[in-house]
Every structure is written in C-alpha cells, then in structure tokens.
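The values are calculated or read from the model by the stated rules, or taken from the named source; none is laboratory data. Since the model is a prediction, treat every value here as computed from it, not as a measurement. When we count neighbours, we look across all protein chains shown, and the Cβ atoms used for this are built from the backbone with ideal geometry, even at glycine. Remember, those area values only see protein heavy atoms, side chains included, never the ligands or the DNA or RNA. Shrake-Rupley method; radii C 1.70, N 1.55, O 1.52, S 1.80 Å.
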Amino acid sequence: MTVTVSERKRHSVAAGANYKTDYGPGGKLQWETRNLRGGGESLSTEALFSGIEYSGHAVFRQPDFLEPDQSLILGLAAAYDNPDPYISRNQTTSVLIERLLQEEMLVRGGLSYRLAQVSQLGQDDSFGLLSLPAEFEWNPVDDLLNPTRGGRLKVQAEPFYDTWGSNITFLKSYAKYSHYVSLTEDGDWVLAGQLGLGAITGAPLMSLPADERFYGGGGGSIRGYPYQSVSPLIGNSPIGGRSIMELSFELRARITENIGVVAFLGWTLAVNV
C-alpha cells in the first residue's frame, strides 16, 4: 500500500454580507493562517460590522498542548456594541485550555480580563472584569453543521470580580439544550426544540454591567422580536435581567440541496429574580 499526502494551503480568507430589517446591513471579514510553526497551530482573525456592532477578534490555537487532545487558546478582542439597551466599548484578553474528553464531549476553562465602558439610561460606568470562564459541551448529533438527529448540550459558568472600584463579585451561569428529531428517512423534515436557562447571582441588578445581564430577542433567542428587546423595562427601555428562560420549537424543511424553510415558535422570559 502506498499513501501520498500533501499539506493543504495554509491561508484562508472569507467575506460575508447580510441584511436585517431592524438593524440594516452588516458583514464580516475573516483571515486564517494554519500550521504556523509546523505543529498544527492556527491564527484566525475576524472583523464584524453591523448597525449594532463593530468588532475585531484574534484567536491563536495550539493543539496537543502539554498532552494529546488538549489545546491552548489565546484570544484578543475589541468591540463597540450599540444595541437598544446600552452602549458598550470593551476589550477582552483570554487564556483558555480546551480538553477533548471523548469524540463528542469537551471542556474548556481558563482566565479572562475585560475592560468595558458601558452606558445605559444616561449613566456611564467603567469595569475591569477579571473572570474564570468554564464551559462543557456535549454534541451527540449526526451532523455538527446541519443536525437532523440527536441533541446538544452546552453549560457555561463564569465568576466575575470587578477590579475597578466597585469590587462587585457575581456568578453568571447559562445552560442550553437542543434536540433534533428527523420526521423523514432522508432528513428533509426536522423538528427541533431548544431550552435555555440562565441566572446571575451575587449582586443587585443595577450594579451589574448592563452588557452582562440577560436579554431575549433576536435570531439566537426568540425570533420575531428585535435583538435584546425582551427584558425588564424602565419606562420603555429594556435594562436586562438576572434570570432568563428561553423555549423554542422549529419545523425545518429542505426544499433543495441549498435551500430550506423554517417555521418557528418561541417564548422567552427575562426577569430580575
């Protein structure tokens, strides 16, 4: 048996554009360099822009860090976020270790530091948030990009400490489970359901950074409502909540190989509890 292998091209570039009826046009640019030092390392950069966000991200990944199935992930990000509830100018640096426990299961954890200047309801606040993010992912689905059978679970927990004056501490936790049931043998019709639960403990609502509170609405939450518009209100202004519950169902139909349609039903509750 003779096997011939060759290295793939080391660089990738990508660009995308979108339009949303509530926030107008947006887009992204991506660049990735692989195998930087001959050990499978990668460096990826991304720039995003829309009516509510201007951001840039860079991520370096070192596979087999110290031992097999373990990666070192270094992240750097800067963003200007301007959704309806708040304005946030922030920069984040993170160092994470990712461990593959088995083929469908991984854990991730490390250290993060985030500088943020947040404005809400005419009040400006500054934070220097030191945190210890931890994540668990389980993905027993038939296809990671287009699942038709199986489920997905993601659990996140992150304790925060503000190093800039307020000295507040709080714990932010969130868990989401999605399940997929194929209604036909070929997977052209799929029923999908999703449940998300989140809570913040340790500090009163109004002392929390506005961009760390929970909001509902938008494509990743409850579609049909503007992004981050579902939350406790002061007057007509959403201020976010300390707890959230999200429940949604979708019926997905594949019309052609590249075209599909979705009917959805969603419910979100964001409260200060």
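Name the residue that is modelled with the lowest pLDDT, counting only residues in the range 167-182 that are surrounded by fewer than 16 Cβ atoms within 10 Å (Cβ to Cβ) and more than 22 Å from E246 (Cβ to Cβ).
Restricting to residues being surrounded by fewer than 16 Cβ atoms within 10 Å (Cβ to Cβ) and more than 22 Å from E246 (Cβ to Cβ), the top hit is N167.
Right, E32: loosely packed, with under 11 Cβ neighbours inside 10 Å and among the acidic types (D, E) or not? Talk me through it step by step, then tell me what you get.
Working: loosely packed, with under 11 Cβ neighbours inside 10 Å: no; among the acidic types (D, E): yes.
Against the criterion (loosely packed, with under 11 Cβ neighbours inside 10 Å and among the acidic types (D, E)), E32 does not qualify.
Out of G128, G122, which single residue is on the phi > 0 side of the Ramachandran plot and not aliphatic (A, V, I, L, M)? Even if it seems obvious, please write down each step before you answer.
Details: G128 fails: on the phi > 0 side of the Ramachandran plot.
Every option except G122 fails the conditions.
Taking E67, is it loosely packed, with under 14 Cβ neighbours inside 10 Å, at pLDDT below 95 and farther than 27 Å from M206 by Cβ? Working first, answer last.
Numbers: loosely packed, with under 14 Cβ neighbours inside 10 Å: yes; at pLDDT below 95: yes; farther than 27 Å from M206 by Cβ: yes.
Answer is yes for this residue.
If you scan the range 127-141, which residues turn out to be farther than 21 Å from G196 by Cβ and either open to solvent by 60 Å² or more (accessible area, probe 1.4 Å) or aromatic (F, W, Y) (or both)?
Of the residues in the range 127-141, the ones farther than 21 Å from G196 by Cβ are 127-130, 132.
Scanning the range 127-141 gives F127, L130, L132.
What number goes with the only condition from (1) among the polar types (S, T, N, Q); (2) under 23 Å from A134 (Cα atoms); (3) at pLDDT 95 or above that Q102 does not pass?
Result: Q102 passes all but (3).
Hey, among L144, L115, L106, L111, which residue is part of a strand (DSSP E or B) and either open to solvent by 70 Å² or more (accessible area, probe 1.4 Å) or of a type in the set (S, T, N, Q) (or both)? Write out each step before concluding.
Details: L144 fails: part of a strand (DSSP E or B); L115 fails: either open to solvent by 70 Å² or more (accessible area, probe 1.4 Å) or of a type in the set (S, T, N, Q) (or both); L106 fails: either open to solvent by 70 Å² or more (accessible area, probe 1.4 Å) or of a type in the set (S, T, N, Q) (or both).
Matching residue, one of L144, L115, L106, L111: L111.
Among the residues that make up the range 200-211, is at least one of them open to solvent by less than 20 Å² (accessible area, probe 1.4 Å), under 25 Å from T21 (Cα atoms) and not basic (K, R)?
Step one: list which residues in the range 200-211 are open to solvent by less than 20 Å² (accessible area, probe 1.4 Å), which gives 200, 203, 205, 208-210.
If we keep only those that are under 25 Å from T21 (Cα atoms) as well, we get 210.
Still in the running and not basic (K, R): 210.
Within the range 200-211 (the criterion being open to solvent by less than 20 Å² (accessible area, probe 1.4 Å), under 25 Å from T21 (Cα atoms) and not basic (K, R)), the answer is yes, since at least one residue qualifies.
Name the residue that is surrounded by the most Cβ atoms within 10 Å (Cβ to Cβ), counting only residues in the range 1-29 that are of a type in the set (A, V, I, L, M, F, W, C) and at pLDDT 90 or above. Even if it seems obvious, please write down each step before you answer.
Here is the first cut: in the range 1-29, the residues of a type in the set (A, V, I, L, M, F, W, C) are 1, 3, 5, 13-15, 17, 29.
With at pLDDT 90 or above added as a condition, the list becomes 1, 3, 13-15, 17, 29.
On the way: M1: 2, V3: 4, V13: 8, A14: 10, A15: 10, A17: 8, L29: 14.
Result: L29.
Identify the single condition in (1) without any contact (Cβ under 8 Å) to a residue 40 or more places away in the chain; (2) part of a loop (DSSP other than H, G, I, E, B); (3) surrounded by 15 or more Cβ atoms within 10 Å (Cβ to Cβ); (4) acidic (D, E) that D84 does not satisfy, given that it satisfies every other one.
(1)
Does S221 fit the bill of being at pLDDT 95 or above and under 17 Å from the mean Cα position of the chain (by Cα)?
Numbers: at pLDDT 95 or above: no; under 17 Å from the mean Cα position of the chain (by Cα): yes.
The answer is no for S221.
Just checking, how many residues over the range 1-33 are closer than 24 Å to A78 by Cβ and not polar (S, T, N, Q)?
Filtering the range 1-33 down to residues closer than 24 Å to A78 by Cβ leaves 11-18, 20, 23-33.
Adding the requirement that they be not polar (S, T, N, Q) leaves 11, 13-17, 20, 23-29, 31-32.
Here the count works out to 16.
Can you name the residue in the range 132-156 that is among the acidic types (D, E) and modelled with pLDDT of 95 or more and is also nearest to S178 (Cα to Cα) among such residues?
Across the range 132-156, the extreme among qualifying residues is E137.
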